[in-house]
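So the structure is just underneath, and the comments pick up after that.
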Amino acid sequence: MKKRLVGVILSMLFIVIVGLVVIIQFTPFGNTASQSSHTSILQERIVEISELATLKYEYSKAMVKRDDKKILLTDISFAETIKLVEYTGYMKAGSDLSKVEVDYDEAGKQVTVRVPKAKILDNVVQTENMKIEDVKGNIFSDPPTQEIIDDINEEKMKFEEEKIDQGFLTEADKRTAEVLKSFLRVEEDEEIVIEFY
C-alpha cells in the first residue's frame, strides 16, 4: 500500500510539473508586456537625451550706438556720442521631447516616433560680458545703459529671425532625428521612423 501511495504521489507530481511546463510554454504572458515595456524604455531614453538633441549657436556681435543732443526747435547739435557695444550670446533650438509620441509595431519591427517641430528654446545675450567703448564722447550726452540694452534686445530678435530664415530650425530637426535614431536603436533589425508634426 505504501508503494502504491508513493507511486500515486509521484505520478500526480509529474502530471502537475508537466502541466505547468505546458501552461508556461503556450501562454502569451510576454507579448503585451514586452511591447509596452519596449515602448516605455524608448520613452525613457527620449527624455534622457533631450539636452543632447538641442542645437546651440554661440555668437558675438558689435553695434554702434549714436546719440545726438540738439537745441530745441533747431538742427544744431551740441552734444554727440558714438559708442561701440560688443556683446556675446547664444541661441538654442530644439523640440519639446516631453511631447513625443512613440508607437512600436512588433510584427514589422518598426518604431515610429512623432516629434514636435523645432523652435527657438533660448536666445540669451550675456550682458555681464558686454563691453561699451567710447568712440566719440561728450559729458552732456551719455545714453543710459537701459537704452543700450533695449537696442541689443531689438538686434537679438532681428538676428533670431535671420537665423530662422537661414534654416536654423531645419538643422535642429535634423539633429534631433539623428540623435533619436542613434539612441533608440534597441535591435539591429528595427526600423526607426521619425515624423515631425
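Bear in mind these aren't lab numbers, they're just calculated from the coordinates by the rules spelled out. Treat the numbers as computed from the prediction; the structure is a model and nothing was measured. Neighbour counts are summed over all protein chains in view; Cβ atoms, including those assigned to glycine, are modelled from backbone coordinates with ideal geometry.
Multiply the residue separation of residue 40 and residue 166 by 0.36 nm, subtract the distance between their alpha-carbon atoms, and state the gained length in nm to one decimal.
Working it through step by step, the gained length comes to 41.7 nm.
Run the simple label-point estimate for residue 117 and residue 56 please: 7 Å along Cα→C-beta, distance reported in nm.
2.6
Please give the charge dipole size of segment 79-137, origin at the Cα centre, charges +1 on K and R Cβ atoms and -1 on D and E Cβ atoms. Round to the nearest 20 debye. Walk me through the numbers before you get to the answer.
Details: 9 positive and 11 negative charges, 24 e Å.
So the dipole magnitude of segment 79-137 works out to roughly 120 debye.
Describe numerically, in nm with one decimal, the distance between label points set 7 Å from Cα along Cα→Cβ at residue 181 and at residue 147.
Distance between label points: 5.3 nm.
For residue 17 and residue 136, compute 0.36 nm times the residue count separating them, minus their Cα-Cα distance, and round to one decimal in nm.
Gain on extension, residue 17 to residue 136, equals 33.2 nm.
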